[in-house]
Amino acid sequence: MGVFANVGNFFKSMFSGLIRACKAFLDLAIPIATQIIIGQLKDVALRTVNELSNSDLTNEERREEAFNRIKDYAVNTGINAKDSLINTIIELALQTLKNAIG
């Protein structure tokens with residue numbers, strides 16, 4: 001095997017190891033980052049849903065207003081939250097408030 005082949009194999013194995021290490025780090029970091037984002041949005045959602053529960057809006061109008069407020073908060077604070085995540089957090093906030101009341 002030539003010198004260039006050995007050098008190539010060295011860099012290939014080094015690069016593969018680096019990719020594995022990065023993947024392992026991301027596998028750990030992504031769930032933690034997701035939990036932090038959900039925690040931040042949960043607090044806003046609880047306040048928002050609680051405020052809107054006493055309004056004269058219909059349920060659909062409340063949901064839309066809650067969604068818009070939470071989405072605005074996310075955008076303004078640099079959180080890239082998908083619509084499905086915001087809808088889930090609104091539902092969790094509703095269930096939390098219902099359980100606290102009843």
Check: Taking the stretch 64-102 only, how many residues are surrounded by 12 or more Cβ atoms within 10 Å (Cβ to Cβ), of a type in the set (D, E, K, R) and modelled with pLDDT of 95 or more?
Finding: 4
Check: From the residues in the stretch 40-63 that are in contact with a helix residue (DSSP H, G or I) (Cβ under 7 Å, 6 or more places away or on another chain), surrounded by 13 or more Cβ atoms within 10 Å (Cβ to Cβ) and free of Cβ contacts under 8 Å to residues at least 24 places away in the same chain, which one is farthest from Leu85 (Cα to Cα)?
Finding: Leu57
Check: Only one of (1) part of a helix (DSSP H, G or I); (2) at pLDDT below 90; (3) small (Gly, Ala, Ser) is not met by Ala45, so which one is it?
Finding: (2)
Item checked: Total residues in the stretch 48-102, condition among the basic types (Lys, Arg), within 24 Å of Gln35 (Cα to Cα) and part of a helix (DSSP H, G or I) -> 4
Next item on the list: Would you mind telling me which numbered condition in (1) surrounded by 10 or more Cβ atoms within 10 Å (Cβ to Cβ); (2) at pLDDT 90 or above; (3) assigned to a helix (DSSP H, G or I) Arg20 fails?
Entry: (2)
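The values are calculated or read from the model by the stated rules, or taken from the named source; none is laboratory data. Owing to the predicted nature of the structure, the values given are computational and were not obtained by experimental measurement. Note that we place each Cβ from the backbone using ideal geometry, even for glycine, and neighbour counts take in every protein chain shown.
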